[in-house]
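The values are calculated or read from the model by the stated rules, or taken from the named source; none is laboratory data. From a predicted model like this one, the values you see are computed outputs, not experimental measurements. Reconstructed Cβ throughout: ideal geometry from the backbone, glycine too, with neighbour counts over all protein chains shown. Quick note on the areas: whole protein, heavy atoms, side chains included, nothing else; ligands and nucleic acids left out. Shrake-Rupley method; radii C 1.70, N 1.55, O 1.52, S 1.80 Å.
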Amino acid sequence: MSVSSAAPHRWRFFRSGGFDQVQIETADDLRHLAELDQKLWAVLACPTAGLEFDDKTLKLIDGDGDGRIRVHELRTAVQWVCGVLRDPNVLFEPGDSLPLNALNDATPEGQDLLAAARDVLARVGRPGAESLALADLADPARLFPPDQLNGDGIVPATLTPDAAVQALIAQVVATVGAQTDRSGEPGVSADTLAAFLAAADEARQWQARACDDTAQIMAFGDGTAAALAAFDAVQPKVDDYFTRCRLAAFDDRAATALNPADSQYAEIAGLALSEARQEVAALPLAKVTPGAALPLVEGINPAWQTAMTALRSAVVAPVLGDTHQLTWEQWQALSQKLTAYREWLAAKPATPAADVPAQQWDTLLAPETVAALQRLIEQDAQSDTDAALVDTLDKLLHLRRDLVTLLRNFVNLSDFYSGDARAVFQAGTLYIDQRSCDLCLRVSDMARHAALAPLSGAYLVYCQCVRQGEAPITIVAAMTGGDADEMMVPGRNGVFYDRLGRDWNASVVKVVEAPISVRQAFWAPYKRVARMIGEQIQKFAAARDKDIEAKSAERVADVGATTQTPADTPRQQAFDIAKFAGIFAAIGLALGALGTALAAVITGFLGLPAWQMPLVVLGVMLLISGPSVLLAWLKLRQRNLGPLLDANGWAVNIRARINIPFGASLTGVAALPAGSQRSIQDPYADKASPWPWLILLGLLLAGLFWIWRQGWLG
């Protein structure tokens, strides 16, 4: 479609997120999208995976199938849609139905699509309908009956009434695998038929070897397979028996040791014995005698009686006749007769075609049957159907529903910044620590994501989410409101709701710290001081407790030592009161200095005019909290969505800021509903202690007394 260059398109921009974004709101905007400077696009590329968006639509736009949507692919899709539609404004309307009069029948492609749409409506039982929806294309069997040619070159068994061809199709599917026909049924294509014929030729050549050398390979005739199975079932046990007998012949002393000892029989004598007991099966096959033959009827271990009977019937009798014993040389000869069959089995082709009986090949691969299937495949591939047009209609309906949504997350980020709809990269909402986080993204590689995402400047919480019957997922949530005093890693749990409303158990696995709000930054210094004081008090109390415990143990030991000390032993040095008096004097001087300083501060503060006192208090608070607030304010202004998306494989073209007001809208903090009533009575509230107030009052009185003694009050 050519666009007139007589007058350039007049673009409209809106400012959001700290940058200018182009508006996509009219059909003319779509028609001229190819003219928009790529430097003005919000995104240059995005992945086709991990988005809250229809996968099929993304694959239809991804022309080269590399798993990424790029600018030129989106431009191509927009240009094509604008060419086949009479009025592209229909793309801005919600829904997936397309009025037939929206198709541009002034072009050959539009005419073909219109005819195909009417044919589809007739096939699905809606002849005369004036709109086509994705639901009309949902059932391929209604659009392409399996007993009709459909142009895809895949032939299901129902396409032919010939029983021989149907049998061949079934065997091809069983051997090579099925191709799915447009009707949804399994079928055969030219490639799968060729693969089957090659496998069949290999299998027939292998089977022919057995026919050409029957005397060697099929030494036991049709019972060769059964003979090998019977032989293999007892071979280790028979080999064990003959080895024992030959050792006994080598040295007479070995015979006693190689037969079961009396103690072994005594151990199993108290058991409920049967042929199935492992203890019985572990005994030798027969009594070990120097150079003896193997009995086949009498004197056999009961656990092996059945297997030996099968050996005698399938292997021994066809060669040696009705014999009751077997020598070592005869056993080796029987094994040799099965060697050729073993080698032939080892050369069996690794294809299901080798399991097809040799006598069935002539019927299955009759020349006329193969030729009939090949002709049917060619006819289907060359049939003049509108199957390709139906696929095009399916693409058009997907783009009609989803294209504008993708543009509003690619050309601009209006879905993200408007608040009316969620962006395609927003996976859901995380509820944790009395807040809800709406900026949640799926993460496929947490290590890679966590290396780049901190550049966003946001406080990030990575969570492992699990749900019964679903594969675990990892998300990252940006906390842009509240505080992080109670956030613990690992182990803090929450609930994640995906875009379908399903709840997942979320567990925090990693936190990337950053400022969350100015309010948190203001109180952060006081919280740090309070936390430091609390930690020091705990350390001091723990140290004193440990010291008291050590001294108590030492004194107990000293008392015990004193009771055993001789009378002439000199006593320890007496308590030096002068030394401790000096210590108390030093403490007094320190307290006096602190009191003097405190008195000076209080005196200076009380000497100020009343209107200056609040300013002094405010100045002190700003002095303490000002640097923290300023630093947080600067960092909060630098928060950027780009690194969060780039870490997931996007190519963000702009600096999408998450400023303080917008960030506050992305995280909801718990608050009582408007009009709620709240009772402040708590029956389990901590009882107020008067000691803090008494101590404070005592300090104030001491300070005033000190000031009076110094004569500063007149």
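Limited to region 420-462, what total is found for residues that are under 15 Å from residue 514 (Cα atoms), out of contact with any Leu (no Cβ under 6 Å at 6 or more places or on another chain) and hydrophobic (A, V, I, L, M, F, W, C)?
7
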Complete set of residues in region 17-34 that are buried (at least 18 other Cβ atoms within 10 Å of the Cβ) and either under 16 Å from residue 415 (Cα atoms) or in contact (Cβ under 8 Å) with a residue 60 or more places away in the chain (or both): 17, 21, 22, 24, 30, 33
Yes or no: residue 76 among the β-branched types (Val, Ile, Thr), open to solvent by 30 Å² or more (accessible area, probe 1.4 Å), touching a residue at least 40 places away in the same chain (Cβ under 8 Å) and within 24 Å of residue 132 (Cα to Cα)? no
When region 467-520 is checked residue by residue, the ones that are more than 23 Å from residue 448 (Cα to Cα), open to solvent by 70 Å² or more (accessible area, probe 1.4 Å) and at pLDDT 75 or above are 467, 468, 469, 470, 493, 497, 499, 500, 503, 505
When region 368-409 is checked residue by residue, the ones that are within 19 Å of residue 27 (Cα to Cα) and among the aliphatic types (A, V, I, L, M) are 396, 397, 399, 403, 404, 406, 407
Checking residue 40 against (1) at pLDDT 95 or above; (2) of a type in the set (A, V, I, L, M, F, W, C); (3) open to solvent by 10 Å² or more (accessible area, probe 1.4 Å), which single condition isn't satisfied? (1)
All but one of (1) closer than 30 Å to residue 263 by Cα; (2) out of contact with any Leu (no Cβ under 9 Å at 6 or more places or on another chain); (3) open to solvent by 60 Å² or more (accessible area, probe 1.4 Å) hold for residue 325; state the number of the condition that does not hold. (2)
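Of all the strands (runs of 3 or more DSSP E) wholly in region 1-78, which have at least 2 residues that are on the phi > 0 side of the Ramachandran plot? Step through it out loud before you land on a result.
On the way: elements: 13-16, 19-22, 43-47, 68-70.
Counting at least 2 such residues, we get no strands (runs of 3 or more DSSP E) at all.
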Would you mind stating whether residue 138 is under 37 Å from the mean Cα position of the chain (by Cα) and either more than 23 Å from residue 379 (Cβ to Cβ) or at pLDDT 95 or above (or both)? yes
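Within region 275-287, track down each residue that is open to solvent by 80 Å² or more (accessible area, probe 1.4 Å) and either touching a Pro at 6+ places or on another chain (Cβ under 7 Å) or in a helix (DSSP H, G or I) (or both).
So in region 275-287, the residues open to solvent by 80 Å² or more (accessible area, probe 1.4 Å) come out as 275-276, 278, 287.
Listed by number, the residues that qualify are 275, 278.
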Every listed condition ((1) open to solvent by 30 Å² or more (accessible area, probe 1.4 Å); (2) in contact (Cβ under 8 Å) with a residue 12 or more places away in the chain; (3) in a strand (DSSP E or B)) holds for residue 89 save (3)
Which of the residues spanning region 182-207 are out of contact with any Pro (no Cβ under 7 Å at 6 or more places or on another chain), in contact (Cβ under 8 Å) with a residue 40 or more places away in the chain and open to solvent by 30 Å² or more (accessible area, probe 1.4 Å)? 190, 197, 204
Please state which one of 255, 272 is open to solvent by 30 Å² or more (accessible area, probe 1.4 Å) and at pLDDT below 90. 272
Specify the residue that is least open to solvent (accessible area, probe 1.4 Å); the eligible residues are those in region 141-158 that are at pLDDT 90 or above and part of a helix (DSSP H, G or I). 157
Can you name the condition, by its number, that residue 543 falls short on among (1) at pLDDT 70 or above; (2) assigned to a helix (DSSP H, G or I); (3) in contact with a helix residue (DSSP H, G or I) (Cβ under 7 Å, 6 or more places away or on another chain); (4) hydrophobic (A, V, I, L, M, F, W, C)? (3)
What pairs come out if I take residues in region 293-318 that are under 27 Å from residue 218 (Cα atoms) and pair them with residues that are among the basic types (Lys, Arg) and part of a helix (DSSP H, G or I) whose C-beta lies under 7 Å away, six or more apart or interchain? 296/312; 304/237
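Got a number for residues in region 208-219 being surrounded by fewer than 17 Cβ atoms within 10 Å (Cβ to Cβ) and either within 30 Å of residue 180 (Cα to Cα) or among the small types (Gly, Ala, Ser) (or both)? Before you say what the answer is, go through the steps one by one.
Of region 208-219, the ones surrounded by fewer than 17 Cβ atoms within 10 Å (Cβ to Cβ) are 208-209, 211-216.
If we keep only those that are either within 30 Å of residue 180 (Cα to Cα) or among the small types (Gly, Ala, Ser) (or both) too, we end up with 208, 215.
Residues in region 208-219 being surrounded by fewer than 17 Cβ atoms within 10 Å (Cβ to Cβ) and either within 30 Å of residue 180 (Cα to Cα) or among the small types (Gly, Ala, Ser) (or both): 2 in total.
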Within the set of pairs 6 or more residues apart or between chains, which connect a residue that is under 21 Å from residue 341 (Cα atoms) and β-branched (Val, Ile, Thr) inside region 228-253 to a residue that is open to solvent by less than 50 Å² (accessible area, probe 1.4 Å) and not in a helix (DSSP H, G or I) with Cβ atoms less than 7 Å apart? 238/285; 238/294
Given the options 122, 164, name the one that is more than 30 Å from residue 40 (Cα to Cα), in contact with a Ser or Thr (Cβ under 8 Å, 6 or more places away or on another chain) and either not small (Gly, Ala, Ser) or not in a loop (DSSP other than H, G, I, E, B) (or both). 164
When region 220-252 is examined, which residues are found to be more than 57 Å from the chain's Cα centre (by Cα) and surrounded by 18 or more Cβ atoms within 10 Å (Cβ to Cβ)? 242, 244, 245, 248
